[in-house]
Amino acid sequence: MNKDNIIISIDHVSKWFGDKRVLDDISLNIKKGEFVTILGPSGCGKTTTLRIIAGFETPDEGSIYIDGELMNKVQPHKRPVNTVFQRYALFPHLNVFDNIAFGLKLQGVAKDEIEKRVMRVLKMVGMTDYEWRDVDSLSGGQQQRVAIARAIVNRPAVLLLDEPLSALDHKMRKDMQIELKQMHKQLGITFVYVTHDQEEALTLSDTVVVMNHGVIQQIGSPTDIYNEPVNCFVADFIGESNIFNAIMVEDRKVSFMDHEFECVDEGFGENVPVDVVVRPEDIYIMPKTDKGQFDGVVSSCIFKGVHYEIIVNTPDGYELMIQDYNPFEVGMEVSMIIKPTDIQVMKKERICNTFEGEMIDDTHVEILDCEFECLKQEGISAGDKVLVEVDFDKVELTDDKRDGTCEGDIRFILYKADHYQLSVRALNREYIYVDTQDVWEDRDIVGINIRPEDMRIKLKEAKSQA
Ligand code: ATP
């Protein structure tokens, strides 16, 4: 990589708030003039990353460089960056001109130079003739334009934008997206943009950084992220997708939905569990024929403006989402084809839950900071440090948290064609992954139970030697 071309370098940064790690070893290089978007669900650490670049937060571990200079101890106002926040944060007692000119006046810039620069940025944000208006009299969109003008009038090397369009209505948001993109081109400066809106990220960016739980999941161009997601989280978060538990039978052959499909992936090994994603527009659907790879019955068909969204159920109990320009009647028997290049095979991040724990006595083990009953294990006794493995479909959830050995809340729900995969966070903040047919809601508080016979317990040391 050409280091001269890098303007921001985030190097192994971690950040804690209390005992909660909100950024976990983040590394990211941003090129000069690039439009980079940090994308992820609420609470994944996007804003904290931006605030660390801006200097409003300091990393607990790792370093942040701007233009090759270490910034960890540099005050926000001494960094070559400016930030546009979610809410416009304008000075209500100043008019548009004075809001924009504020920073330049503080720096002692000459009056006629200030006037020239303010007028230039007002033109750029489409607000010429508004300079003497009170900011209170402006619409939300206009106020945000003024906030952007105020940030770029200082000619920062980097503009940081934290969900700047989130308070605007849909139409205004779309218009502003186009304008931001044009502004980025015109200014030639680096934009680092934070959003939880995947469509916005794909539309605006040269590079998208997808985050979850304080960890960078994938960095790539919008097309790479869409066409080649590295894991189920990215596949599910970006666009619509059909996600399956699958087995890589051998190179270029993968089995899912009880069928074998040709694919283009190699190097996963033989008979290895993998995840597969197929985008809804990549499943070819036709009235039932013997030329299809598999069959199903249409259970719903909704017009979505340009295409139809069709839900098909297969005889083996899988449910697929398909997009097509033609409608298919509910109840109709159909056949489907998936081309090898449209099957995206992804390494599974884990194949079962693994918890670190300690034996309390012969028949009780502490995991997730709770005491679970277990079967007596040969050669394992009280006080031993152990690893406990539990298959995803062996974790039971209860509606009432008091019925569980331990409590948690549902943080992420992934639909995998014939079941849901839930990420449940226990009170000690560890995650438990659960495969279930039951329908749960995001943020449901649940009880967690594991039957003694469903725990595989091993001595921790023995495991690490193996
Ligand atoms: P959102 O889109 O909701 O703003 P985000 O991805 O930008 O989410 P952050 O604002 O970076 O997420 O927050 C990451 C986590 O850190 C969240 O769980 C949040 O509650 C927590 N957090 C953020 N700031 C603080 C703080 N000052 N003190 C304690 N916890 C904080």
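In the stretch 429-447, is there at least one residue being touching an Asp or Glu at 6+ places or on another chain (Cβ under 7 Å), closer than 30 Å to Gly379 by Cα and either in the same structural domain as Ile380 (by TED's automatic domain parsing) or touching a residue at least 40 places away in the same chain (Cβ under 8 Å) (or both)?
Looking through the stretch 429-447, none of the residues is touching an Asp or Glu at 6+ places or on another chain (Cβ under 7 Å), closer than 30 Å to Gly379 by Cα and either in the same structural domain as Ile380 (by TED's automatic domain parsing) or touching a residue at least 40 places away in the same chain (Cβ under 8 Å) (or both).
Residue-by-condition table, conditions (1) surrounded by 17 or more Cβ atoms within 10 Å (Cβ to Cβ); (2) within 15 Å of Val22 (Cα to Cα):
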{"residue": "Gly40", "(1), (2)": "yes, yes"}
{"residue": "Gly45", "(1), (2)": "yes, yes"}
{"residue": "Leu50", "(1), (2)": "yes, yes"}
{"residue": "Glu57", "(1), (2)": "yes, yes"}
{"residue": "Ile66", "(1), (2)": "yes, no"}
{"residue": "Lys73", "(1), (2)": "no, no"}
{"residue": "His77", "(1), (2)": "no, no"}
{"residue": "Val81", "(1), (2)": "yes, no"}
{"residue": "His93", "(1), (2)": "no, no"}
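Looking at Gln323, is it assigned to a strand (DSSP E or B), in contact with a helix residue (DSSP H, G or I) (Cβ under 9 Å, 6 or more places away or on another chain) and in the same structural domain as Cys44 (by TED's automatic domain parsing)? Steps first, answer last, please.
Details: assigned to a strand (DSSP E or B): yes; in contact with a helix residue (DSSP H, G or I) (Cβ under 9 Å, 6 or more places away or on another chain): yes; in the same structural domain as Cys44 (by TED's automatic domain parsing): no.
Here the answer is no, as Gln323 does not meet what is asked.
Give me the helices (runs of 4 or more DSSP H) completely within the stretch 19-135, filtered to those with at least 2 residues that are among the hydroxyl-bearing types (Ser, Thr, Tyr) and either assigned by TED's automatic domain parsing to the domain that holds Leu187 or within 16 Å of the ligand (Cβ to nearest atom) (or both), ordered by residue number. Let's see the steps before the verdict.
Details: elements: 46-54, 96-106, 111-124.
The helices (runs of 4 or more DSSP H) meeting that bar are 46-54.
Is it fair to say Gly62 is surrounded by fewer than 21 Cβ atoms within 10 Å (Cβ to Cβ) and either modelled with pLDDT of 95 or more or touching a helix residue (DSSP H, G or I) at 6+ places or on another chain (Cβ under 6 Å) (or both)? I'd like the intermediate steps shown before the answer.
Values: surrounded by fewer than 21 Cβ atoms within 10 Å (Cβ to Cβ): yes; either modelled with pLDDT of 95 or more or touching a helix residue (DSSP H, G or I) at 6+ places or on another chain (Cβ under 6 Å) (or both): yes.
For Gly62, the condition - surrounded by fewer than 21 Cβ atoms within 10 Å (Cβ to Cβ) and either modelled with pLDDT of 95 or more or touching a helix residue (DSSP H, G or I) at 6+ places or on another chain (Cβ under 6 Å) (or both) - is met.
Could you give me the residue pairs with C-beta distances under 8 Å whose first residue belongs to the stretch 267-295 and is in the same structural domain as Val249 (by TED's automatic domain parsing), whose second residue is assigned to a helix (DSSP H, G or I) and among the acidic types (Asp, Glu) wherever it lies, and which are 6+ apart or on separate chains?
Hits for this filter: Val278/Asp342; Arg279/Asp342; Asp282/Asp342; Ile283/Asp342.
Of Val334, Val395, Val330, Val388, which residue is closer than 29 Å to Arg443 by Cα and over 27 Å from the mean Cα position of the chain (by Cα)?
On the way: Val334 fails: closer than 29 Å to Arg443 by Cα; Val395 fails: over 27 Å from the mean Cα position of the chain (by Cα); Val330 fails: closer than 29 Å to Arg443 by Cα.
None of the other options fit; the residue is Val388.
So, of the residues in the stretch 136-173 that are among the acidic types (Asp, Glu) and more than 30 Å from Gly68 (Cβ to Cβ), which turns out to be farthest from the ligand (Cβ to nearest atom)?
Just the residues of the stretch 136-173 that are among the acidic types (Asp, Glu), to begin with: 136, 162-163, 169.
Narrowing further to those that are more than 30 Å from Gly68 (Cβ to Cβ): 136, 169.
On the way: Asp136: 26, Asp169: 19 Å.
Only one residue fits best here, namely Asp136.
Could you run through the stretch 200-225 and say how many residues are touching a strand residue (DSSP E or B) at 6+ places or on another chain (Cβ under 9 Å) and not in a strand (DSSP E or B)? Spell out how you get there, then give the answer.
As a first pass, look at the stretch 200-225 and keep what is touching a strand residue (DSSP E or B) at 6+ places or on another chain (Cβ under 9 Å): 200-202, 204-222, 224-225.
Subsequent filtering for residues that are not in a strand (DSSP E or B) retains 200-202, 204-206, 213-214, 221-222, 224-225.
Residues flagged as touching a strand residue (DSSP E or B) at 6+ places or on another chain (Cβ under 9 Å) and not in a strand (DSSP E or B) within the stretch 200-225 amount to 12.
The values are calculated or read from the model by the stated rules, or taken from the named source; none is laboratory data. If you're wondering where the values come from, they're calculated on a predicted model, not measured in any experiment. Quick reminder, even Gly has a Cβ in these numbers, built from the backbone with ideal geometry, and neighbours come from all protein chains shown.
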